[in-house]
1. If you put +1 on each Lys and Arg Cβ and -1 on each Asp and Glu Cβ, how big is the dipole of the chain around its Cα centre, in Debye rounded to 20?
2. Among (1) 65, 53, 41; (2) 58, 48, 42; (3) 63, 59, 38, which one is Cα extents along the principal axes in Å computed from these coordinates?
3. Only helical DSSP H runs with n ≥ 4 go in: add -39500 (n - 2.57) per run for the chain, normalise by residue count and round the 222 nm mean residue ellipticity to 500 deg cm²/dmol.
4. So if I take the centroid of the Cα atoms in the range 18-94 and the same for the range 121-162, what is the distance between those two points in Å?
5. Name the residue farthest towards the positive end of the dipole of the chain from the options 11, 79, 235, assuming +1 on Cβ of Lys and Arg, -1 on Cβ of Asp and Glu, about the Cα centre.
6. In the chain, what percent of the accessible surface is made up of carbon and sulfur (1.4 Å probe, ligands and nucleic acids excluded)?
7. Please get the size of the charge dipole for the range 1-158, origin at its Cα centre, with Cβ charges of +1 on Lys and Arg and -1 on Asp and Glu, quoted in debye to the nearest 20.
8. State the answer as a single residue: which of 142, 122, 304 lies farthest towards the positive end of the charge dipole of the chain, with beta carbon charges of +1 for Lys and Arg and -1 for Asp and Glu, about the Cα centre.
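The values are calculated or read from the model by the stated rules, or taken from the named source; none is laboratory data. These figures come from a predicted structure and were not determined experimentally. Backbone-built Cβ (ideal geometry, glycine too); neighbour counts: all protein chains shown. With ligands, DNA and RNA removed, areas are computed over all heavy atoms of the protein, side chains included. Shrake-Rupley method; radii C 1.70, N 1.55, O 1.52, S 1.80 Å.
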Amino acid sequence: MKFIKSDDLKLGMRLAKPIYNRDGVMLYERNSKLTRQGIVSIQNFGLIGVYILEPAEPVPPMSADDIEFERFQAMSIFTIREILDAVTKQREAKGMYQFANQIIRRYGSLNHKISFVQNLRSNEDYVYKHSLNTAILCAMISHKLHMEFKQQLDVVVAAILHDVGSLLIPPHIRRKRKNEITQEDEKKIRTYHYAAVQLIDNDYDLDPEIKRTVKGIINALHQTNGDDAATYKSLNIDILKVAYAYDSLTAMNFEEEPASEIEAVRILLDPEQGFDPEVVTALIQSINILQPGVCVEFTNGDKGLVVSANDEDVLAPEVLSFRTNVIYNMADPAVTAEVQIRDIMKTMDNRYVMDTELLKSYEGRTVHMGEKLTHKNY
């Protein structure tokens, strides 16, 4: 699977992901071959590009949850764009609470984990996609923390609004890479974020807790102190900080390589980073990180396949080594003294067919070093 810009699409290419319109209606299914009209439609639709399957690549598996999550993301980006653009123009943000309710209904009551799939972002749509994903993560985290509906609504609305200041930043600054941002640019960026806070505070009849949360997260991100908002602490701010950080770390854009899910979790779990451990745990309980089927790289250069997740320690699953044909229990200190998981594999160079019945028989068992699981190449 590779990302192809809209201008570079060619006849016969196969879509790796479906394309939806603003109403959530599927326009093109996965594995659809692009026609001339299809390419024109994608370009007119305003997409910067799409994911395309390699010539011999099979269609990757997607669960019903995966399909629905991508559909909801594609459909909701139009709604959140209208809301945030209205705020920047000091107009009524119609449908904001209705939209927040929709997010909570879909993702603020789940009793199972989902795969949090990121889509590629450009400078033009980064803020909208970031705000949407942050709001979804806040809904899931707040549910795991058993928050009441009013509290969930407050933190989700705050997540929708928290980055509106980025839309006020002049385009010539927003287009700069991180290493191109000067100290003068940073001062201007802070100014626009605080201008948005004042705009929200003065022009919108929001619950005081929402306003305090937006102020608190802006102060936390810019590390400012000296007023009541800067020192204000709340669970909502802690939730928003974790959701903001996870989405920002794993977001895909043209400028830099995103952190993997495992890299992001390690950062969030680092006590020196200052994230609330209970909130981070709630995030980990909401999304798939190292679930069966994920391929990883070891510190010794080997690669392996996760065969059993570890609900007690998400970073310590049971992994089948491709080279040695041995299952490593990463929760066993004797194993981790010799080898650790470095990261999730960026590409799948070695393909394996697993005996699914045999794989199931290993789930939930304590597997020791030296125990082998049959597999074969294809």
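1. The dipole magnitude comes to about 1240 debye.
2. Structure-derived value, by its label: (1).
3. Rounded to the nearest 500, the figure is -13500 deg cm²/dmol.
4. 20
5. Ranked along the dipole, the leading option is 11.
6. 48
7. Details: 21 positive and 17 negative charges, 21 e Å.
So the magnitude is around 100 debye.
8. Of 142, 122, 304, it is 122.
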